[in-house]
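S.K.: Quick one: the structure is below, questions incoming.
Here, each number is a calculation from the coordinates, and none is a lab measurement. Everything numeric in this text was worked out from a predicted model, so none of it was measured. Reconstructed Cβ throughout: ideal geometry from the backbone, glycine too, with neighbour counts over all protein chains shown.
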Amino acid sequence: METVTHNPRRLLEQVDRTHRIPTRHPEGDVIVKRILSIVALLFLATYAVADEPKRLADVAYGNHPRQVLDFYQAMSDEPTPVVFYIHGGGWQGGDKKTNPKAFLDKGISVVAINYRYVRNGVEEKVEPPVKAPLEDAARALQFVRSKASEWNLDKTRIGATGGSAGACSSLWLAFHDDLADPNSDDPIAHESTRLYCAAVNGAQVSLDPKELREWMPNYGYGAHAFGLPSFQSLIDNREEVLKWIKEYSPIEHASKDDPPIAMFYGGEVPVVGASPKDPTHSAIMGVKLEERLKMLGVDVVLVHTDRPHPMYKNSTDYLIHRLLE
């Protein structure tokens, strides 16, 4: 006697071969086959749903309405690498909406986060206000690691990415010492904030007005990060906020044990000391960070208008290669 399969793709074939029963009604055999076909199709639908990867929206990692993330699970029997996406928008706007397909097709899961804006930091009297979006990114990363078993993730292979402010946040995570607190009563706080790699687009690498003006005389972005009304006020009050500038500028945390980094920039060919059309996203910052990282021995890739890369056309290419190597 043939064993009934549990494979839904063969179940319909077995219906044809095995379920012919005696009946006086001339259509009886056809009716039974139709009923069993419906049962098999229902089983197939259930099987497909059970095998469908997770798509979780607005998962809370904190109490603020902006402290939510979306999770897209890649299909895999083994724990998957993760792309950790931080949206741009000057820490003043933007949203986590993203297209994960390129990564999912390669077996890489994707997390996209929202975070508190600088203005939310001001409302909550966070000092400096930029602490809110940056430390939210760290907390979201810890939360994702805490879900590694449930979401089938390889917590040792997480690569951050983002553009503009999201790129700055990604670099800050990549360079900052581990923010894990093993003595905390909160188990999520035990998780590491270190990254396997980062690939960013149009990144700001420093929040220091003095340094930035030396690189680009027309630079004028970032005062809001410290709750100040203008870039000139940031220059005038630099000494008072210098400890915060050093804490929240990615380049200040660069060290020889940092993970591999790739930076991608558009715009003009970078010339240090020039005044580019878009200083906020200029490759001049990438040039200066690359200098620092090479001096430290950190693996770094810089791609800009005058320097294409033979393997990496964009940050997606880099992340796929690094996370699957």
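S.K.: If each residue of separation counts as 0.36 nm, what is the full-extension length gain between E127 and N99 once their alpha-carbon separation is subtracted?
M.R.: Stretched out fully, the E127 to N99 stretch lengthens by 6.7 nm.
S.K.: Stretch E240-V269 to full length: gain in nm at 0.36 nm per residue minus the Cα-Cα span?
M.R.: Gain on extension, E240 to V269, equals 7.0 nm.
S.K.: Sort out for me the Cα centre separation of the range 277-325 from the range 61-130, rounded to whole Å.
M.R.: 22
S.K.: Calculate the dipole size of the range 156-308 relative to its Cα centre from +1 charges on Lys and Arg beta carbons and -1 charges on Asp and Glu beta carbons; express the result in debye to the nearest 20.
M.R.: Magnitude of the dipole: close to 520 debye.
S.K.: If a/c stays under 1.5 just call it rounded; otherwise compare a/b with b/c (prolate if a/b is bigger, oblate if not). Do that for the range 167-295, with a ≥ b ≥ c from the square roots of the Cα gyration tensor eigenvalues.
M.R.: Note, shape of the range 167-295 comes out oblate.
S.K.: Could I ask something else about it? Please rank L289, L296, fewest neighbouring Cβ atoms within 10 Å first, as an exposure proxy.
M.R.: Placing the least packed residue first, the sequence is L296, L289.
S.K.: A further question follows. How high is the relative contact order of the range 92-246, given as a whole-number percent (alpha carbon pairs under 8 Å, six or more residues apart)?
M.R.: Once divided by the residue count of the range 92-246, the mean separation gives 19 percent.
S.K.: Describe numerically, in nm with one decimal, the distance between label points set 7 Å from Cα along Cα→Cβ at M311 and at S255.
M.R.: Distance between the two pseudo-spin positions: 2.7 nm.
S.K.: Once the Cβ-Cβ distance between K210 and K54 is put in as r, and R0 is 45 Å, what FRET efficiency do you end up with, to the nearest 0.05?
M.R.: After rounding to 0.05, the efficiency reads 0.45.
S.K.: Give the shape of the range 55-324 as rounded, prolate or oblate, defined through the alpha-carbon gyration tensor: a ≥ b ≥ c are the square roots of its eigenvalues, a/c under 1.5 means rounded, and otherwise the shape is prolate if a/b is larger than b/c and oblate if not.
M.R.: Note, shape of the range 55-324 comes out oblate.
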